[in-house]
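The values are calculated or read from the model by the stated rules, or taken from the named source; none is laboratory data. Everything numeric here is computed off the predicted structure, so don't read it as measured data. Don't worry about glycine lacking a Cβ; one is built from the backbone with ideal geometry, like all the others, and counts go over all protein chains shown.
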Amino acid sequence: MKALVCALCAFLWLVFSTAPARAESPDQAYAAALTALNKGAVNEAIDRLELLADQGVVNADASLARAAAYLARADGSGSQPGDLGRAAAALSETLLLRPDDAQADRALDAVQTEIARRKSKLQENVVVRPRLSRAMAGLLPEQAWALLAALSSLAIAAGIIVRRLAARPLVRLSAVVSISVGAALVVIFGGAAYAAEQFRVTSQPAVVIVSEARLTNELGRPLPYKRGADTTTVSEGATVYVKDRHEGRCLVEWGSADGWLSLSEVRLLAQR
């Protein structure tokens, strides 16, 4: 874990030191946080970076710095419960803002592995497969599904034009095949684009930042256990999807289970 923290700190310091100086207060706060992090003042760095997040600053580098700060504290003598979960949340947020960040992806995998190692005696899961519909819609970005649907509709249009203009039976048959395949693909790709859009507007990803969180019903009573597996206790660092919020509680989707958690038990991830 120390090597991971050092690598993240070095990367962030290099990025910031080569960036042009600006007079804006968020940049000054970010610079001060990086300075504190490199000096080992992790609590000061965390306070500054959390303040930036509370002010609505959405930035992949700031999220990555926050992850490095929590990892540094988790690896030191002043570690606090939930540090690894908050680090996982910051890394997940980084990947939402910058999906091609290989360093953040590797760091998140390492953090989840460490949480799983610490929880192995309790046989708790950190990573749970999402529902099939969400998993399929998440295979590509929403815009990619929409583009594929548009291209499929062009194939339909081209097939219609060719079928009307062509005189040879083989060409007309090829046009009919193009129309049929294009129509099927429009349904598939259009449905995936719609599903991705619905998931985006009706739910928000979040990460559990406490040692464990127990799913409850609307009345606050713990959900019953299902035979064969614990599907009601969500481990630190697990990704959930918030579908509703009410009076300090949130309705979340975790794998195939839906239940209520306290908002203080999760970290909502910023999205552009």
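Structure data summary
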quantity	calculated
Candidate set from segment 229-251 (those that are surrounded by 16 or more Cβ atoms within 10 Å (Cβ to Cβ), of a type outside the set (Lys, Arg) and over 14 Å from the mean Cα position of the chain (by Cα)); member that is nearest to Glu50 (Cα to Cα)	Glu236
Selected residue (only one of Ala65, Ala36 is closer than 21 Å to Glu114 by Cβ, touching a residue at least 12 places away in the same chain (Cβ under 8 Å) and surrounded by 15 or more Cβ atoms within 10 Å (Cβ to Cβ))	Ala65
First in segment 84-99 and outside the structural domain of Val207 (by TED's automatic domain parsing), second anywhere and of a type in the set (Ser, Thr, Tyr) and surrounded by 23 or more Cβ atoms within 10 Å (Cβ to Cβ), Cβ under 6 Å, 6 or more apart	Arg86/Tyr70; Ala87/Tyr70; Ala90/Ser63; Glu93/Ser63; Thr94/Ser63
Some residue of segment 91-101 being among the small types (Gly, Ala, Ser) and under 14 Å from the mean Cα position of the chain (by Cα)	yes
Flag for Ala167 being of a type outside the set (Ser, Thr, Tyr) and in a loop (DSSP other than H, G, I, E, B)	yes
Strands (runs of 3 or more DSSP E) completely within segment 185-272 that count 2 or more residues being among the polar types (S, T, N, Q), closer than 29 Å to Gln80 by Cα and not assigned by TED's automatic domain parsing to the domain that holds Val57	233-235
